[in-house]
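Mind looking over this structure? Questions follow.
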Amino acid sequence: MTPYEACVETYVFVPDGTRFYTSAQEQGQSRYEISAEPTDGFYRITDTVTQNNGLPDCGGGTVPAGDVVTLFVRFIPGQPLMVICTDESGDACIGPFVRHDESMVQ
């Protein structure tokens, strides 16, 4: 089994631009900006890690504070699902992730 199999990641995007996340043992927080409108069906997200516990994520690595990544998110029409991709081609994506509304976040 690879590190990615049977691993759960949770992302909580707060409207103030804060994201909380867990990935295997990793727990962290970041600041994000998302485009107001999609381009070719993808919203562009720029995410900067602000703090992290330094433990391994689902891929077996760690993401240091200060790490900046640009990703592309596509919401699946009519379903509570989204995929996160490294570019707008949709060739390198992870997910689907299940979207929950605020009432489901504890």
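Each value in this text was obtained by applying a stated rule to the coordinates, not by laboratory testing. All values reported here derive from a predicted model rather than from experimental measurement. Note: ideal-geometry Cβ built from the backbone for every residue, glycine included; neighbour counts use all protein chains shown.
Ordered by packing density, taken as the mean number of other Cβ atoms within 10 Å over each peptide's residues, highest first, how do 58-64, 35-41 rank?
58-64, 35-41
Can you check how the C-alpha radius of gyration of segment 9-101 compares to 2.2 N^0.38 Å, as a plain ratio?
Relative to the rule-of-thumb radius for its length, segment 9-101 sits at 1.06.
Shifting gears a bit: Beta carbons within 10 angstrom, averaged per residue: use that to sort the peptides 7-13, 65-71, highest first.
Descending mean neighbour count gives 7-13, 65-71.
Can I ask one more? With +1 on each Lys and Arg Cβ and -1 on each Asp and Glu Cβ, and nothing else charged, work out how big the dipole of the chain is about its Cα centre, in Debye to the nearest 20.
140
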